[in-house]
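One structure below.
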Amino acid sequence: MTKARDNSFSVQVPGLRKLLAYRGEWLRGDILAGLTVAAYLIPQCMAYGELAGVEPVAGLWAILPPMIIYAIFGSSPQLSIGPESSTAVMTAAAIAPLAAARSDSYISLAALLAMIMGVVCIAGYFARLGFLADLLSKPVLIGYMAGIALIMIGGQLGKIAKIEIEANAFFSQISEFVGQLQLAHTPTLILGIAVLVFLFALQHRFPNAPIPLIAVLLSTVAVAVFNLDNRGVAVVGEIPAGLPRFAVPQLSFGDISSLVGAAVGISLVGYSDNVLTARAFANRNNYKIDANQELLALGVANLGNGLMQGFPVSSSGSRTVIGDSLGSKSQLFSLVAMVAVIIVLLFLRPILALFPKAALGAIVIYAATKLIEVSEFIRLYRFRRSEFMLAIATTFAVLATNILIGVGIAVSLSVIELFSRVARPHDAVLGTVPDLAGFHDIDDWEGATTIPGLVIYRYDAPLCFANAENFKQRSLDAIAAEIKPVEWLILNMEANVEIDITAIDMLSELRDELAAKNITFAMARVKQDLYLELERAGFLKNIQAEHIYPTLRTAIAAFKQRKL
């Protein structure tokens, strides 16, 4: 029965099942969380719409389909899905080159990109590729998000000062901004700085309050009272009436082929962010999420969003945090937030039209600073310098290349860092320690000694082509380091759970070299799977069965009885 379930490709709707099993005591927390999240996401999603290169109102449109779709298909009762910083930046980076060479709508390209991302994620669900999120290690994610944050900040500097910045690369944007700072529009710059100061001063003191919304409302009041729009301060402007409409993007095959690579990169980043955020809150609140189901939920959400004039979306950590802090227990909180956004779009559009773009830019900059986890960089530095350097390298890779290449570099660095540990792992010569039971690494304990004539060697990694020669050389070095002549080498195989044919051939070479030196080759703690692999490869034909031992103690006992 389990096997049939594992091989099934039926579409699951865990979110809908949870909503149908709703408990009344959750209602107050879900409603309060939904209304507060709506107050926070309205200015935030408008800012992310601007960041993605579409009209700010498209950021609100892009929140509607994903909320209801994820409430049905998602496995997390608390995750807030919709426009967020990483996918918004990557959308702009992917579409800008195409949009610059055409006269039709930018939003059509963004919608097409969302649809392709949806197809990629759904295909990943059926291929059971949920494990791919594990390719992004913690240092890579920390460095990647820091790079994304700096790119976000660079892209908004011109908006808060009303300076035309033509550069797309981060370092060029900074250089151009500094070089043209004397051309800044003073009222816009003052407004942008004031909003930033307001956000930093109050959000820390009142973490659960909708400070971004208050900041935008106050800046909107300032625009209306002081006629700042007539003094050159850019505002959102007239917003189209109504809600987004169903529309299939009318674009060519060339557009699709140009966006596939970008969609794959955005899918990897968006899914990784999605599943990691969902896991964090699942661990915090003692429930489980389905990593593969999250691929389906994200895919269907983006596919639906593309058909409703949206752009690629993923999860929002900040909105999820706000919902959790106010007691969200189910996806009803997202549905409440969705209804609140619809009411705003239908009845409060004149207020949105006066939102100053400098304030939206300031919100993006503020949100970006939250993505740079300085404390995590410090923790990595104290833990292991190689992981700290991996995070720094990822940050610079994202800044020095475009974001899509940065994704590839981030994944490559993560795999290379793992591969380097497998290729050159820790090893140990085991011996006895006074007043301590068992056998231990002699380098770790003062007074530890080996058994004369015997080397017990342990290599802490699976054996494969990447480390076969290293294993052989280090085991021979361990023998050479002994003062008294070595008669036996016992390989403690407890950490060697996998082996390939290259490593098996290396073991044969090692055994032959030791035999030429009259040193007995033995193995202890060989797991059954490893034993079967050695047997299939023919390795066991040339080794005496009594020289493979279930435990170290039986191997050592055999060594001590060799002359009896």
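Numbers for the structure displayed
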read-out	value
Single residue of E533, E482 found to be in contact with a helix residue (DSSP H, G or I) (Cβ under 9 Å, 6 or more places away or on another chain) and in the same structural domain as Y459 (by TED's automatic domain parsing)	E533
Selection status of G59, of a type outside the set (V, I, T) and either touching a residue at least 40 places away in the same chain (Cβ under 8 Å) or within 22 Å of V398 (Cα to Cα) (or both)	no
Residue count for the stretch 247-303, restricted to those that are under 13 Å from the mean Cα position of the chain (by Cα) and under 12 Å from I122 (Cβ atoms)	2
In the stretch 379-403, the residues that are over 16 Å from the mean Cα position of the chain (by Cα), within 29 Å of A93 (Cα to Cα) and of a type in the set (S, T, Y)	T401
Qualifying residue in the stretch 72-79 (condition: surrounded by fewer than 22 Cβ atoms within 10 Å (Cβ to Cβ), at pLDDT below 90, in the same structural domain as L32 (by TED's automatic domain parsing) and not basic (K, R))	no
Counted residues, the stretch 501-513 - those being crowded, with 19+ Cβ neighbours inside 10 Å and out of contact with any Asp or Glu (no Cβ under 9 Å at 6 or more places or on another chain)	4
Which listed residue is closer than 24 Å to Q561 by Cβ, of a type in the set (D, E, K, R) and either exposed (fewer than 12 other Cβ atoms within 10 Å of the Cβ) or in contact (Cβ under 8 Å) with a residue 60 or more places away in the chain (or both), from E494, E535, E487	E487
Unique match (being outside any helix (DSSP H, G or I), surrounded by 13 or more Cβ atoms within 10 Å (Cβ to Cβ) and not aromatic (F, W, Y)) among V233, V248, V223	V233
The stretch 162-183: number of residues that are touching a residue at least 60 places away in the same chain (Cβ under 8 Å) and crowded, with 16+ Cβ neighbours inside 10 Å	2
Condition broken by E376, with the remaining ones in (1) surrounded by fewer than 21 Cβ atoms within 10 Å (Cβ to Cβ); (2) more than 25 Å from the chain's Cα centre (by Cα) satisfied	(2)
Some residue of the stretch 21-33 being within 30 Å of V89 (Cβ to Cβ) and modelled with pLDDT under 90	yes
Which listed residue, of L430, L476, L489, is assigned to a helix (DSSP H, G or I), in the same structural domain as P550 (by TED's automatic domain parsing) and more than 30 Å from S86 (Cα to Cα)	L476
Pair list, Cβ under 7 Å, 6 or more apart: the stretch 262-275 residue more than 16 Å from M115 (Cβ to Cβ), other residue not in a helix (DSSP H, G or I)	S272/L136; D273/S314; D273/S315; N274/S314; N274/S315
Criterion violated by T520 - all others in (1) within 17 Å of R562 (Cβ to Cβ); (2) out of contact with any Phe, Trp or Tyr (no Cβ under 7 Å at 6 or more places or on another chain) satisfied	(2)
Residue among A362, A367 that is at pLDDT 85 or above, in the same structural domain as A169 (by TED's automatic domain parsing) and crowded, with 22+ Cβ neighbours inside 10 Å	A362
Flag for K329 being buried (at least 16 other Cβ atoms within 10 Å of the Cβ) and over 24 Å from F198 (Cα atoms)	yes
Residue ID - nearest to M308 (Cα to Cα), chosen from residues in the stretch 194-216 that are without any contact (Cβ under 8 Å) to a residue 24 or more places away in the chain and surrounded by fewer than 18 Cβ atoms within 10 Å (Cβ to Cβ)	I214
Residue within the stretch 130-144 that is outside any helix (DSSP H, G or I) and either closer than 24 Å to L413 by Cα or touching a helix residue (DSSP H, G or I) at 6+ places or on another chain (Cβ under 9 Å) (or both) present	yes
All positions within the stretch 8-59 that are closer than 25 Å to Q293 by Cα and either among the basic types (K, R) or outside any helix (DSSP H, G or I) (or both)	S8, F9, S10, V11, Q12, V13, R17, K18, A21, Y22, R23
Residue satisfying condition, being within 25 Å of the chain's Cα centre (by Cα) and either among the charged types (D, E, K, R) or farther than 22 Å from A262 by Cα (or both), within set L60, L32	L60
Residue within the stretch 207-219 that is at pLDDT below 85 and polar (S, T, N, Q) present	yes
Pair list, Cβ < 7 Å and 6+ apart or interchain, from the stretch 380-407 residues that are under 18 Å from Q173 (Cβ atoms) and hydroxyl-bearing (S, T, Y) to residues that are buried (at least 17 other Cβ atoms within 10 Å of the Cβ) and modelled with pLDDT under 90	T395/G143; T395/A146; T395/G147; T401/I409
Verdict on L345 being farther than 27 Å from T369 by Cβ and touching a residue at least 40 places away in the same chain (Cβ under 8 Å)	yes
Given (1) crowded, with 19+ Cβ neighbours inside 10 Å; (2) within 29 Å of V497 (Cα to Cα); (3) among the charged types (D, E, K, R); (4) in contact with a helix residue (DSSP H, G or I) (Cβ under 9 Å, 6 or more places away or on another chain), number of the condition R458 does not satisfy	(4)
Hey, G155 crowded, with 20+ Cβ neighbours inside 10 Å and closer than 16 Å to S85 by Cβ or not	yes
Number of the exception - D443 against (1) of a type outside the set (G, A, S); (2) buried (at least 18 other Cβ atoms within 10 Å of the Cβ); (3) without any contact (Cβ under 8 Å) to a residue 24 or more places away in the chain	(2)
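Condition check ((1) assigned to a loop (DSSP other than H, G, I, E, B); (2) under 18 Å from L60 (Cα atoms)) across all residues:
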position: N274; (1), (2): no, no
position: F281; (1), (2): no, no
position: L303; (1), (2): no, yes
position: S330; (1), (2): yes, no
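The values are calculated or read from the model by the stated rules, or taken from the named source; none is laboratory data. Because the structure is a prediction, the values reported are computed rather than measured. Cβ: placed from backbone, ideal geometry, glycine included. Neighbour counts: every protein chain shown.
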